[in-house]
1. Could you work out [θ]222 nm for the chain from helices alone, using -39500 (n - 2.57) per DSSP H run of at least four and dividing by all its residues? Round to the nearest 500 deg cm²/dmol.
2. Could you tell me how far the Cα centroid of the range 209-249 sits from the Cα centroid of the range 49-89, in Å?
3. Restricting to Cα atoms and excluding each atom paired with itself, what does the Kirkwood estimate give for the range 155-249 in Å?
4. Starting from 0 in steps of 5 Å, tell me what percent of the Cα-Cα pairs of the chain lands in each bin.
5. Please give, to one decimal in nm, the separation of the simple spin-label points placed at Tyr133 and Phe225, each 7 Å out from Cα toward the Cβ.
6. Sorted by packing (mean other beta-carbon atoms within 10 Å per residue), highest first, where do 167-173, 179-185 land?
7. How big is the convex hull of the Cα atoms of the range 101-158, per residue, in Å³?
8. Sort largest first and round to whole Å: the equivalent ellipsoid semi-axes of the range 71-174, each the square root of five times a Cα gyration tensor eigenvalue.
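Each reported figure results from applying straightforward, stated rules to the coordinates on display, with no laboratory input. Remember, predicted model here, so these are calculated numbers, not experimental data. Ideal geometry is used to build each Cβ from the backbone, glycine not excepted, and the neighbour counts take in all protein chains shown.
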Amino acid sequence: MEKRTVLITGAAGGIGSAIAQRLAQEGYAIALNYCHSKEAAERLRDELKKTYGISCEAFQADVSREDETDAMIQKIEETLGPVDILINNAAIDLPNLFSLKTADEFRRVLDVNVVGAYNCAKRVSRGMIEREYGRIVNIASTNGINTYYPMCFDYDASKAALISLTHNLAVQLSPYVTVNAVAPGFIGTEKELEGYDEEFLKSETEKILLKRYGKPEEVASLVKFLIGEEGSYINNSVIRIDGGQMGSV
């Protein structure tokens, strides 16, 4: 069977690039979306093409903007073909104290993390329904379920909203498109570990039954399973990948 085309938003970051690496190993054609990280996205593109011989291109767009999203997906369709699989991974976090956080900051987090996923899903789902095939995986977080941090309550709210969006899209796009969410816990990406001292990292890993934080590659393997034939009967689900992380209050 001809390999499908995958769009990964926020592909230049830790989890996004790990997903791209894993799917490249399977031979998928890959569209790497980035907003500001042009150099990192193009470096990843070159690496994937050279290592795996796949079709892979980088596309700039702020997915929170509908016009930029539509223009990007049109370019992907012209370059790589129709988008069969969407991985909504783009996300931002603007941590700040509740008393200091502004409405503009709150709105920006929701725009990227939730509206961005909606914009992409709305645009690619049209073709998926026409072709009677599609896979959408939203990268949520345990922050949207039962792990909360006062410094990033807007991020937590956005991930809870993304989980709700997952359920609604699964109903809206059935029976041809499966829509699932992956909810990572503490994943040890460079960005996640940046700025934390050893004492904090130790206290966080103590909350995890496996006593370690996760690897981006482990999240990528779960995504690969969900979009493949092995995961074809999984739909409207939220799958935690957190090592048995205990909730917080």
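1. -13500 deg cm²/dmol
2. The range 49-89 and the range 209-249 have Cα centres spaced 24 Å from each other.
3. About 14.9 Å for the range 155-249.
4. 1, 6, 14, 19, 21, 17, 12, 7, 3, 1, 0
5. Going by the 7 Å Cα→Cβ label model, 2.3 nm.
6. 179-185, 167-173
7. About 68 Å³ per residue, rounded to a whole number.
8. 29, 15, 9
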